[in-house]
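The values are calculated or read from the model by the stated rules, or taken from the named source; none is laboratory data. What you see is a predicted model; the values in this text were computed from it and never measured. Every residue, glycine as well, gets a Cβ built from its backbone with ideal geometry; the counts of neighbours run over all protein chains shown. For accessibility, only protein heavy atoms count, side chains too; no ligands or nucleic acids. Shrake-Rupley method; radii C 1.70, N 1.55, O 1.52, S 1.80 Å.
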Amino acid sequence: MPMRDLFERALGHQFTRRNLLKASAAAGAVAALSGCTSEPEAFRSPAADPNVKTFRTACPRNCYDTCGQIATVQDGVLRKVDGDPLHGYTRGRLCVKGYTYVNRTYSPDRIKYPMVQSPRGSGNWKRVSWDEALTMIATKILDLKKRYGSLLPVCLNKYSGNFGIVHYGIDGTLASMGYHTTALGTPCWPAGLDAQTYDMGTFMNHDPEEMVNTKYLIIWGANPAWCAVHQMDMIMEAKAKGAKIVVIDPIHTATASKADLYIQIKPSTDGALALGMARWIVENNLHDKAFLEKHVHGWPEFEAYLLKEVTLEWASKTTGVPVEAIVELASGYATTKPSMLWMGYGMQRHINGGQNIRAIDALAALTGQIGVSGGGAQYAHLATWGFNYHAMSFAPPAGSVGVKTADGKQANRTINMNNFAAEVQALKDPPVKMLWIAARNPGSQDPDANDIKKAFESMEMVVVVDHFLNKSAEMADIVLPCTTHFESPDVNVAYWHYWMSINERAIQPMFEAKSDLQISWALSKKMNELQQGSCTYPTEGDEEEWVAKEFNEGIYSLFGIKDYNELRKAPAKAKLPAVSWADRKFTTPSGKYELYSDRAKANGLPPMPTYVQELKAPAEFPIRFMTPHPQHGLHSQFQNIPYMMQTNPEPLLEIHPKLAEARGITDGDMVRVFNKLGEVRLRARITRVVPPDTVVTYEAWYKDSPFNVNNTVAAIPADMGKLYTGNNGISFHDNFVQIERV
Ligand SMILES: Nc1nc2c(c(=O)[nH]1)N[C@H]1C(S)=C(S)[C@@H](COP(=O)(O)OP(=O)(O)OC[C@H]3O[C@@H](n4cnc5c(=O)[nH]c(N)nc54)[C@H](O)[C@@H]3O)O[C@H]1N2
Ligand SMILES: Nc1nc2c(c(=O)[nH]1)N[C@H]1C(S)=C(S)[C@@H](COP(=O)(O)OP(=O)(O)OC[C@H]3O[C@@H](n4cnc5c(=O)[nH]c(N)nc54)[C@H](O)[C@@H]3O)O[C@H]1N2
Ligand code: SF4
Ligand SMILES: [Mo]
């Protein structure tokens, strides 16, 4: 089987532990114990000063760009972090957050040593030794196991604080103790992943560096000016070469300000706009009949739907976009070739998000713009993630008790990461009594923040492993300090570009910080000290060796390297075709692009990309409250550090002048935003970048502030996601509130 197919199939389920295990098995992964550990710290002296060293590091945040970095260290102190000029996507530059790394690494607010808070939530933290902290934790785990007869009362919640490959250690440690409970799914992108899977068999974007070749680009519900900054370079290059840039977003974003055409759409109605465009394209005979005939399944049914149910007037009324604008957009897209669609993840965080992505994909099929340079329907890929996942791939000890699967085997108990608070509290027999939170901040990032608080309160023990005392740590009993990526080795790839970067250790761990992997070993050691054989995970190791163990022949040949140490000289790019689906061999059941999907139908979804109505505001809470991703933070990271707090000291609520006037709110007033779940108080910024019926703030964790963007957000599922990630996505933006001046 061609390697690309293998990886696509194997790695569709990124970030779900169960599926990563599957992936490594499918990749036929044999641990590449190359023995080539060479010097742990590559030395490349750029200048005459022998005390200055540079290291290749990689920004491990959950970010499209996954930048290659050069860390400059003088006398053991991190002095400077730049973009790696040899990384073909990063091209020597970072984002505003990336340039704060020295400041962040040496922030006085970092957790310096293990601490215990008593009582929980009091802020009364006491320093303890690693040995004391691990003894408390291991004792609790053994106690729960004894009381309940299994490890199911212990729950792991881990996500995207760090996407480095060896950060999957704690999964392995807990597995090595027995079947436990674990949060499954992802809030990022699951509805869109499923949508593209129904349409094409899987998701696979073009090489994003290819975007420079388009002549007409629709950026549909993405904000790369903030969230994928390097892509902006390529967008501007395409524009300089004559391409027309369109942005479709309810908010006039920084990206929109660079566009030739901006379309302000009513949130969650994108499917209606795409269908209106499709109707116009068909009526004007601009569809690609040869492509439809040869490569598409279900065209007659879809055409019948378009002609019977869809009108431009309906599309205009539903979306709030004038008919003339729909026509301009449809004709621009269908007559300028090649034309490219890029769908962001923000857009699919709605109850009809997956269905809307399917309707937009359909435009590419309709116009034959799939498998074309400068064309396509870009969303995401996972084709470069074929690692061994060695750190996490440990089986439970024989005889471990878990939950029974359909085929009678034992397994971990999973709960939906996107409805964590409710599901973790609902579990009985046995209940969850202990949380292990790592690279995750449910205290600020999960919906229904008040319910998250209750969930934490219902535990006998909460352990948080982090760099900072964030909102989750505030509710924990024990915090453990972990290293930053400058302090521990790792390897990183992206879900957007095709590059892989080594992450060399640049400085020694700060204070008493340990890497997640070292914590995993130390916990295993303590478990065995207290009860021999209670954890089969290694109790010590060499971090560099564990990085080497993640590689296999498949990864090496995909990236054209023989040894991972070669990455110390330069990042490597995967040898994937620049244009996805060039062979038009779709991996759907019919082998064609499926406008009609029996699989979607079997999963209780509409078989075709027909319109599914958006969630309407209830009379009591008539204002939509959108909370997309911030410029100065990456979720709850970066914004909290003093440097960023100076740049951007407080969150603001963007309100349209009409709505502000109706509520007697003027610029700078404090506003209470509330619904049945809770409230947030924010300073008003009156601006026309938002529509009159929608208010906007950006998710982030501000130091010493009660601001929590998720106080009013309900855990409403998106329509898709289960197929690939185990659970549906979440409708963060289907959030309705009332506002008043305080
Ligand atoms: N600076 C920064 N960069 C980041 C992140 C961050 O927090 N900060 N987060 C990273 C992560 S984890 C992710 S998942 C990605 C997310 O990357 P994006 O998808 O680009 O980010 P979002 O800000 O969630 O959403 C993008 C846009 O979608 C719009 N949107 C919301 N609903 C609709 C709709 O119904 N229709 C349309 N047309 N548009 C809509 C929002 O107004 C927003 O402008 O970014 C990554 N990069
Ligand atoms: N209202 C609203 N809520 C949202 C969203 C939205 O658009 N609106 N977006 C959602 C999306 S798309 C996402 S991806 C999630 C993100 O949710 P999370 O994955 O929780 O995101 P982060 O805040 O990036 O990271 C969590 C923590 O990881 C820590 N961390 C960083 N590196 C390491 C490490 O090496 N080890 C350990 N142990 N910890 C580390 C950070 O300090 C941080 O406290 O938020 C979701 N929440
Ligand atoms: S946050 Fe994203 S753009 Fe910024 S340095 Fe990290 S990977 Fe690069
Ligand atoms: Mo995300």
Carbon/sulfur fraction of accessible area - the chain, other protein chains in place, 1.4 Å, %: 53 percent
Principal axis box of region 275-336, alpha-carbon based, largest edge first, Å: 35, 26, 14
Candidate residues Arg93, Arg110, Arg505: accessible-area rank, largest first, probe 1.4 Å: Arg93, Arg505, Arg110
For region 587-736, projected area of the alpha-carbon convex hull averaged over all directions, nm²: 11.8 nm²
For the chain, calculated [θ]222 nm from helices alone, where every DSSP H run of n ≥ 4 adds -39500 (n - 2.57): -8000 deg cm²/dmol
Exposure ranking of Asp194, Asp542 by accessible area [1.4 Å probe, largest first]: Asp542, Asp194
Distance between modelled label sites at Ala578 and Ala406, nm, 7 Å Cα→Cβ extension: 4.4 nm
Inter-centroid distance (Cα atoms) of region 370-403 relative to region 639-688, Å: 39 Å
Alpha-carbon Rg/Rh ratio, for the chain, with Rh computed the Kirkwood way: 0.95
On Cα atoms only, tilt of 299-309 relative to the major axis of the chain in degrees: 70 degrees
Computed accessible area, Ser118, all protein chains, 1.4 angstrom probe, square angstrom: 70 Å²
Rounded to 5, the percent of DSSP beta bridges in the chain classed as antiparallel: 50 percent
Residue-normalised accessible area of the chain, given per residue in Å² at a 1.4 Å probe: 34 Å²
Share, in percent, of DSSP beta bridges within region 623-741 that are antiparallel, nearest 5: 65 percent
Solvent-accessible surface ranking, highest first, for Glu209, Glu313 at 1.4 angstrom: Glu313, Glu209
For region 190-379, fraction of C-alpha pairs farther apart than 20 Å, in %: 50 percent
Exceeding the 27 Å Cα-Cα cut-off - candidates Lys244/Lys266; Lys145/Lys428; Lys258/Lys703; Lys97/Lys215: Lys258/Lys703; Lys97/Lys215
Tilt relative to the chain, helix 130-148 - C-alpha long axis, 0 to 90 degrees, to 10: 70 degrees
Rough spin-label spacing in nm, given labels placed 7 Å along Cα→Cβ, for Thr139 and Glu324: 7.6 nm
Qualifying lysines (Cα of each under 18 Å from Cα of Lys158; at least 8 residues distant if same chain): Lys433, Lys453, Lys471, Lys514
With Cα atoms, 0 to 90° folded angle of helix 17-26 axis to the chain main axis: 90 degrees
Under Karplus coefficients 6.51, -1.76 and 1.60, residue-wise ³J(HN,Hα) of region 275-289 in Hz, glycine/proline x: 5, x, 4, 4, 4, 5, 4, 5, 4, 9, 6, 9, 7, 8, 5
